[in-house]
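**Q** I have a structure I would like to understand better, so I am pasting it below and will then ask my questions one at a time.
The values are calculated or read from the model by the stated rules, or taken from the named source; none is laboratory data. The structure displayed is predicted, hence computed values, not measured ones. Glycine also receives a Cβ, built like all others from the backbone with ideal geometry; neighbour counts cover every protein chain displayed.
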Amino acid sequence: MPLQVGYSPGQVDQIVSHIDATGTIEDSPHLREEHLPVFDCSLRPQNGTRSIHHMGHVKMMAAVQPFISGAISKTINMPEDSTVEDIMNAYTESWRLGLKAVAIYRDNSKRVQPLSSGAGTNGKKAAAAVTVEEKIVYRPLRRKLTEERQAITHKFSIGGHEGYITVGLYEDGQPGEILITMAKEGSTISGLMDGFATAISFSLQYGVPLKFLVDKFSHVRFEPSGWTGNQQVPYAKSILDYIFRWMGAKFIGPEYGQTEAGDSTKLRPTEPQPQQSLPFGPVIEDAPLCSECGGLMTRNGSCYKCENCGGTSGCS
């Protein structure tokens with residue numbers, strides 16, 4: 001086509017070089033004035049002044065509309081300095097020419113748009129180039145257990161409620177999963193403990209420290225609670241309390257079985273009691289709550305008693 005209208009290859013190269021340098025074909029060397037409208041677009045180029053008039057969009061659609069049954073998905077692009085009257089005339093002329101639908105967009109009417117002509121007609125500067133910054137996204141990685149793994153199964157009893165804890169181990173001996181099986185329990189508590197154990201297993205495999213879980217769930221109080229027969233965790237305030245204090249004592253340190261959330265000052269029954277004047281017996285940090293009034297019980301021989309209402313944990 002360039003050769004047919006009289007442009008030599010050298011002239012074509014100079015015209016293309018001008019477009020690459022300025023972003024517009026206007027003022028290109030060797031380009032004849034009568035050929036310039038061929039290159040007009042719907043939006044004015046950033047360094048140019050020419051564009052297809054918005055009524056040209058309307059007339060192009062009007063030429064095609066008689067040959068199709070539906071409307072035309074084509075936007076009428078209008079310059080930024082368009083007035084309300086210009087937009088009204090565009091709608092009126094579209095109706096007069098028989099268009100079935102019209103979509104109008106005024107340049108720079110939104111802060112973000114897919115196409116932009118650069119600087120607006122009001123002398124606004126072109127938007128600054130967007131700087132792309134590299135952003136490192138850290139995603140959690142799951143450390144799965146091997147198909148065959150070592151495991152520990154521990155039987156427990158809390159106030160007559162028996163169950164089993166199975167802990168799957170990594171090669172380094174650290175827990176990577178936990179399974180909880182309640183014996184002779186209904187489907188509700190068994191299902192809840194199974195779902196809870198699955199959530200804890202995923203937490204361990206995604207890197208949640210065991211110490212955090214032990215500190216979070218130890219000493220949680222709810223029924224069933226009671227004596228366990230386990231010297232490491234003699235009294236459990238709940239099933240969760242027993243599970244995580246046992247795991248803390250097994251995999252972190254023996255102090256987690258007997259003490260409150262990291263406090264190593266718990267008074268044990270075998271230790272001599274401090275000589276001090278107290279209105280009641282010495283308070284044991286891990287003492288249960290009274291089932292009658294809810295008060296904190298105190299040591300009474302090998303059992304506990306409530307100084308508030310006189311209730312006991314089973315002894316006279």
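**Q** With Leu213, Leu192 as the choices, which residue is in contact (Cβ under 8 Å) with a residue 12 or more places away in the chain and at negative phi?
**A** Exactly one residue qualifies, and that residue is Leu213.
**Q** Now for a separate question. Return only the number of the condition from (1) closer than 29 Å to Trp227 by Cα; (2) at pLDDT 90 or above that Phe202 does not satisfy.
**A** Every condition holds for Phe202 apart from (1).
Let's see how each residue does on (1) under 45 Å from the mean Cα position of the chain (by Cα); (2) modelled with pLDDT of 85 or more; (3) within 29 Å of Thr22 (Cα to Cα):
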{"residue": "Val64", "(1), (2), (3)": "no, yes, no"}
{"residue": "Ser73", "(1), (2), (3)": "yes, no, no"}
{"residue": "Glu85", "(1), (2), (3)": "no, yes, no"}
{"residue": "Asn89", "(1), (2), (3)": "no, yes, no"}
{"residue": "Ala101", "(1), (2), (3)": "yes, yes, no"}
{"residue": "Asp107", "(1), (2), (3)": "yes, no, yes"}
{"residue": "Val112", "(1), (2), (3)": "yes, no, yes"}
{"residue": "Gly118", "(1), (2), (3)": "yes, no, yes"}
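**Q** Could you please find all residues in the stretch 158-204 being outside any strand (DSSP E or B) and aliphatic (A, V, I, L, M)?
**A** Listed by number, the residues that qualify are Ala183, Ile189, Leu192, Met193, Ala197, Ala199, Ile200, Leu204.
**Q** Just to check your reading of the model, which residue among Thr49, Thr24 is under 22 Å from Gln113 (Cβ atoms) and surrounded by fewer than 15 Cβ atoms within 10 Å (Cβ to Cβ)?
**A** Thr49
**Q** If I ask for residues that are surrounded by fewer than 17 Cβ atoms within 10 Å (Cβ to Cβ) and assigned to a helix (DSSP H, G or I), which ones from the stretch 205-244 would you list?
**A** Lys211, Phe212, Asp215, Lys216
**Q** Please tell me if Gly294 is farther than 23 Å from Pro175 by Cα, small (Gly, Ala, Ser), at pLDDT 85 or above and out of contact with any Asp or Glu (no Cβ under 7 Å at 6 or more places or on another chain).
**A** no
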